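All remarks here apply to the structure that follows.
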Amino acid sequence: MPTNTAKPIAAVLGSLVLAGSLTACGGDSSAADAKTVTVYSADGLKGENGDGWYDRVFKDFEKQTGIKVKYVEGGSGEVVQRALRERSNPQADVIVTLPPFIQQADGKGLLAKYAPQGSDQVSGADKAEDGTWTSVVNNYFGFVYNKKELKQAPTTWEELLDAKYKEKLQYSTPGVAGDGTAVLVKAMHDFGGKQAALDYLKKLQANNVGPSASTGKLAPKVDKGELLVANGDVQMNFAQSKSMPNLGIWFPATQGGKATTFALPYAAGLIGKAPHSENGKKLLDYMLGQTAQQQVSEIGGGFSARTDVKATDANAIALTKLMDGVDVFEPDWSDIDKNLQSYVDDWKSATNS
């Protein structure tokens, strides 16, 4: 298991694409759509071939309750911004996103207080103190590399400045994608402060292909060899590696330092004044239930959010081995939430993005 230098935080994230426009509206639901629940989620938990954790959970939930899940996917920040635009007439019932965007949603008053069944088994650091969100799938930030083109994984940030990575490296956009924001968070930690991180990322820009709103779209490019290195997260990339044989996961260190990561969980919350609040509560209850949580590693390639669920499947064993010896730090999410826009603006200035 990872060497914990601080207590991890957890959050939730999901992904599915809903074709067409949403018809739900705020207030009381009509008889026609009363048996639906709409989820806005970041990508990562839906399988490339319909074999992801969301695919199984939504299918089983629909079969058990008769409630149809409508799912809309976007970047971690994008889904929050969409919900904010719809605040006066909410269209979604449940939102799933990564830190610091779940804290952003909470801070802007988007979330209603609801403690799903089973949330008492989620550690205090992995849920909101005010009961507005809780982790459903634990996860960690990481990078991927092409195992075929690179005989061994890179180990340091500094290696990525090498000319062989020119136009063969890409990371998703901070402030838009959760994993992209995580690049900035980890760099600030590893290099010992914001300015040192920005100085490094300015140099790295010479090799960077350019912006990407979706982290999930980078792994296929790495697998095909279009990229050698990209950012990601353990759950999503581990699941993708089942169908992408050239994908390897690694954790950058500074030169002479240890590999580090931090918890980047999928966190879920109930939207305030949602059109189908009761259905949203039922879905949150189901996602945190014993059965769904046992499937997190087995199907989703992630880590259960519940401390009382001890997975022993092959994926769980492989994930434990992958994280062995990696230092886990806890970001100051309150600081990041408060200063996120200024951090992103400073990153844009440093990288001319």
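Would you mention how many residues in segment 190-213 are charged (D, E, K, R), in contact (Cβ under 8 Å) with a residue 60 or more places away in the chain and over 18 Å from Trp250 (Cβ atoms)? Break it down into steps so the answer makes sense when it comes.
Pass one, segment 190-213, residues charged (D, E, K, R): 190, 194, 199, 202-203.
Filter again for in contact (Cβ under 8 Å) with a residue 60 or more places away in the chain, leaving 190, 194, 199, 202.
Still in the list and also over 18 Å from Trp250 (Cβ atoms): 194, 199, 202.
Looking only at that region, the number is 3.
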Pairs where the first residue, in segment 170-189, is over 10 Å from Gly75 (Cβ atoms) and the second is among the basic types (Lys, Arg) and not in a loop (DSSP other than H, G, I, E, B), C-beta under 6 Å, 6+ apart: Met188/Lys194
Failed item in (1) closer than 17 Å to Leu247 by Cβ; (2) in contact (Cβ under 8 Å) with a residue 60 or more places away in the chain; (3) crowded, with 16+ Cβ neighbours inside 10 Å, with Gly225 passing the rest: (3)
Number of positions in segment 237-285 that are over 15 Å from Thr38 (Cβ atoms) and not hydrophobic (A, V, I, L, M, F, W, C): 19
Filter result for Ala197 (buried (at least 16 other Cβ atoms within 10 Å of the Cβ), in contact with a helix residue (DSSP H, G or I) (Cβ under 6 Å, 6 or more places away or on another chain) and in a helix (DSSP H, G or I)): yes
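Pull up segment 291-344, narrow it to residues that are basic (Lys, Arg) and without any contact (Cβ under 8 Å) to a residue 12 or more places away in the chain, then point me to the one that is nearest to Gly142 (Cα to Cα). Even if it seems obvious, please write down each step before you answer.
Of the residues in segment 291-344, the ones basic (Lys, Arg) are 306, 310, 321, 338.
After this cut, where a residue has to be without any contact (Cβ under 8 Å) to a residue 12 or more places away in the chain as well, the list is 310, 321, 338.
Values: Lys310: 23, Lys321: 15, Lys338: 24 Å.
Per the stated criteria, the residue is Lys321.
Here is a check on your reading of the model: is Thr261 surrounded by fewer than 22 Cβ atoms within 10 Å (Cβ to Cβ), touching a Phe, Trp or Tyr at 6+ places or on another chain (Cβ under 7 Å) and either of a type outside the set (Asp, Glu) or at pLDDT below 95 (or both)? Show your work before the answer.
On the way: surrounded by fewer than 22 Cβ atoms within 10 Å (Cβ to Cβ): no; touching a Phe, Trp or Tyr at 6+ places or on another chain (Cβ under 7 Å): yes; either of a type outside the set (Asp, Glu) or at pLDDT below 95 (or both): yes.
Taking the combined requirement at face value, the residue does not satisfy it.
Evaluate the following for Ala206: is it surrounded by fewer than 16 Cβ atoms within 10 Å (Cβ to Cβ) and of a type in the set (A, V, I, L, M, F, W, C)?
On the way: surrounded by fewer than 16 Cβ atoms within 10 Å (Cβ to Cβ): yes; of a type in the set (A, V, I, L, M, F, W, C): yes.
When the stated conditions are applied, Ala206 passes them.
Does Gly66 satisfy being surrounded by 15 or more Cβ atoms within 10 Å (Cβ to Cβ) and free of Cβ contacts under 8 Å to residues at least 40 places away in the same chain? Before you say what the answer is, go through the steps one by one.
Values: surrounded by 15 or more Cβ atoms within 10 Å (Cβ to Cβ): no; free of Cβ contacts under 8 Å to residues at least 40 places away in the same chain: yes.
Criteria not met by Gly66.
Here's the yes/no breakdown for (1) of a type in the set (Gly, Ala, Ser); (2) closer than 30 Å to Gly192 by Cα:
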position	(1), (2)
Phe238	no, yes
Ser241	yes, no
Leu247	no, yes
Ala253	yes, yes
Gly257	yes, yes
Thr261	no, yes
Ala274	yes, no
Qualifying residue in segment 176-189 (condition: under 22 Å from Pro99 (Cβ atoms), at pLDDT below 95 and not in a helix (DSSP H, G or I)): yes
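The values are calculated or read from the model by the stated rules, or taken from the named source; none is laboratory data. Only a predicted model underlies this, so the values are computations on that prediction, with no experimental measurement involved. Neighbour counts are summed over all protein chains in view; Cβ atoms, including those assigned to glycine, are modelled from backbone coordinates with ideal geometry.
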